[in-house]
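Below is one structure, written out as structure tokens; comments come after it.
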Amino acid sequence: MSGSSQYKAQEAYQEALLEDSPYVLWLINDDYNTFEFVIDTLMELCKHTYEQALQCAFITHTAGKCDVFTAPYEEVRRIAQIMLNRGLTVKINKADH
């Protein structure tokens with residue numbers, strides 16, 4: 001395998017690893033949206049139970065942020081975009097191992 005082909009194969013492998021690696025969606029406190037709206041959104045999009053969503057909303061309100069969803073990048077990005085479109089403030093980070 002030539003140096004260029006080997007480099008491209010390694011680059012493709014690293015990209016595949018990044019795509020499959022877990023990412024975390026953080027909900028950021030905005031002092032704008034209601035608890036009910038945030039809870040309903042977390043239940044719908046992140047498949048939280050009512051109790052999980054309530055706890056995440058409370059943590060976000062008191063601590064300023066809360067990790068609400070972990071998945072491969074494309075899934076986290078999709079959920080983040082919907083939440084942004086609904087007026088929520090979110091951030092995506094690579095999960096710590």
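The values are calculated or read from the model by the stated rules, or taken from the named source; none is laboratory data. None of these values were measured; they are calculated from a predicted model. These accessible areas exclude ligands, DNA and RNA; they are computed on the full protein's heavy atoms, side chains included. Shrake-Rupley method; radii C 1.70, N 1.55, O 1.52, S 1.80 Å.
In nm, what is the difference between 0.36 nm times the number of residues separating Ile59 and Ile28 and their Cα-Cα distance? Display every interim value, and only then the final one.
Numbers: separation 31, 0.36 × 31 = 11.16 nm, distance 0.99 nm.
This chain segment gains 10.2 nm when fully extended.
Assuming 0.36 nm per residue, please report the length gained on full extension of the stretch Asn85 to Gln52 beyond their Cα-Cα distance. Don't skip to the answer; put the middle values down first.
On the way: separation 33, 0.36 × 33 = 11.88 nm, distance 2.23 nm.
The span from Asn85 to Gln52 would gain 9.7 nm if fully extended.
Enumerate the amide H contacts of Thr89 below 5 Å, restricted to partners 5 or more residues apart or on another chain; note that Pro and chain-start residues carry no placed amide H.
Close amide H contacts, sequence-distant or interchain: Ile28.
Starting from the amide H of His48, placed 1.01 Å from N in the peptide plane, find each other amide H under 5 Å away whose residue is 5 or more places distant or on another chain.
Met43
Could you rank Glu74, Glu36 by how accessible they are, 1.4 Å probe, largest area first? Show your work: numbers first, answer last.
Numbers: Glu74 100, Glu36 120 Å².
Result of the area sort, largest leading: Glu36, Glu74.
Take the alpha-carbon centre of segment 19-42, take the same for segment 57-97, and report the distance between them in whole Å.
That distance is 5 Å.
Could you pull out every residue, at least 5 positions away or on a different chain, whose amide H is within less than 5 Å of the one on Lys65? Hs are placed 1.01 Å off N in the peptide plane, and Pro or chain starts have none.
Asn29
What ³J(HN,Hα) values, in whole Hz, does the Karplus curve 6.51 cos²θ - 1.76 cosθ + 1.60 give for segment 57-66 when θ = phi - 60°, with x put for Gly and Pro?
Going residue by residue, I get 4, 5, 4, 4, 5, 8, 9, x, 6, 7 Hz, with x marking Gly and Pro.
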